[in-house]
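Remarks on the structure that follows.
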Amino acid sequence: MNPQQEKRLSKLLSLMLRHEPEKFGLTLDEHGFAPLSQVLAAVRRRREWQGADEEQIRLVVRQSDKQRFEIQGENIRARYGHSVPGQVAYEPVEPPEILYHGTAPQSLPAIRREGLRAMRRQYVHLSIEPEQARLVGSRHATQPIILRVRAREAWQNGVKFYRPEARLFLADAVPAEFIEATDEHR
């Protein structure tokens, strides 16, 4: 599989496992998993992927630079980014002192009033590095604002955090009192 094919298959898996499983005849369990055999069958129903095999899906899972997917036993899931109804469950974890969130400048007034909310996703996504947050925020604006989240303090005050992969933390919501714009955006 060449890099473009890997990217297309990754996008198809994201659509299936994050956003529209029902469109592909899939049902996710309470942890977001679907049987790998059913996902492969759904992939093969697409003209471009009629000859796909399980190893190609496993390759996309292994090669994903953002660790979007995981396979446990005979099941596969997207680790984060879900917009499907119902919430994928994770075990709460203690976060680091500071996490970061990239957003569009026009969102800043609402965030200052209401904090960070999941919006169309199941969770708020928080990065461990400011540059990672900038990259995520650049999907929403050419000059994103990088927010510093005092995650440890929020956690000590009852906010639950989850860690689906090494570079990413999730939260149901983060109150405004734990959020500050970085120096360049005060």
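Every number in this text was worked out from the coordinates using simple rules, so none of it is lab data. None of the values given here were measured: they were computed from a predicted structure. Neighbour counts are summed over all protein chains in view; Cβ atoms, including those assigned to glycine, are modelled from backbone coordinates with ideal geometry.
With the cut-off at 1.5 for a/c, could you classify region 104-147 from its C-alpha gyration tensor as rounded, prolate or oblate?
In terms of gyration-tensor shape, oblate.
Whole angstrom only: what separates the Cα centroid of region 116-186 from the Cα centroid of region 33-75?
29
Label-point separation (nm) for THR27 and LEU108, each offset 7 Å from Cα along Cα-to-Cβ?
4.7
Per residue of region 125-134, in order, report the coupling 6.51 cos²θ - 1.76 cosθ + 1.60 (Karplus, θ = phi - 60°) as ³J(HN,Hα) in whole Hz, putting x for Gly and Pro.
My calculation for region 125-134 gives 9, 10, 9, 8, 10, x, 5, 5, 5, 5 Hz in order.
If you fit an axis through the alpha-carbon atoms of helix 3-14 and take the longest principal axis of the Cα set of the chain, what angle between them do you get, 0 to 90°, nearest 10?
That works out to roughly 80 degrees.
For the chain, what mean projected area does the convex hull of the alpha carbons give, in nm²?
Mean shadow area of the hull around the Cα atoms is 11.1 nm².
Which lysines have a Cα lying under 25 Å from the Cα of LYS11, excluding residues fewer than 8 positions away in the same chain?
Correct list for LYS11: LYS23, LYS66.
Using a 10 Å cut-off on Cβ atoms, rank the peptides 98-104, 45-51 from the highest mean neighbour count down.
Result, highest mean first: 98-104, 45-51.
Please give the charge dipole size of region 92-185, origin at the Cα centre, charges +1 on K and R Cβ atoms and -1 on D and E Cβ atoms. Round to the nearest 20 debye.
Its charge dipole is roughly 360 debye.
For Cα pairs less than 8 Å apart in space and 6+ apart in sequence, what is the mean separation divided by the residue count of the chain, i.e. the relative contact order in percent?
After rounding, I find 20 percent.
From the backbone phi of region 17-28, what are the Karplus-calculated ³J(HN,Hα) couplings (6.51 cos²θ - 1.76 cosθ + 1.60, θ = phi - 60°) in whole Hz, Gly and Pro given as x?
9, 10, 10, 9, x, 4, 4, 9, x, 9, 10, 8
Could you work out [θ]222 nm for the chain from helices alone, using -39500 (n - 2.57) per DSSP H run of at least four and dividing by all its residues? Round to the nearest 500 deg cm²/dmol.
Result for the chain: -8000 deg cm²/dmol, rounded to the nearest 500.
For region 92-185, what is the convex hull volume of the alpha-carbon atoms per residue, in Å³?
Output value, Cα hull per residue: 91 Å³.
For the Cα atoms of the chain, what angle does the longest principal axis make with the long axis of helix 54-63, in degrees from 0 to 90, nearest 10?
20
5 Å is the cut-off here: which amide hydrogens, built 1.01 Å from N in the peptide plane, fall below it relative to GLY115, excluding neighbours closer than 5 in sequence?
Sorted by chain and number, the residues that satisfy this are ALA176.
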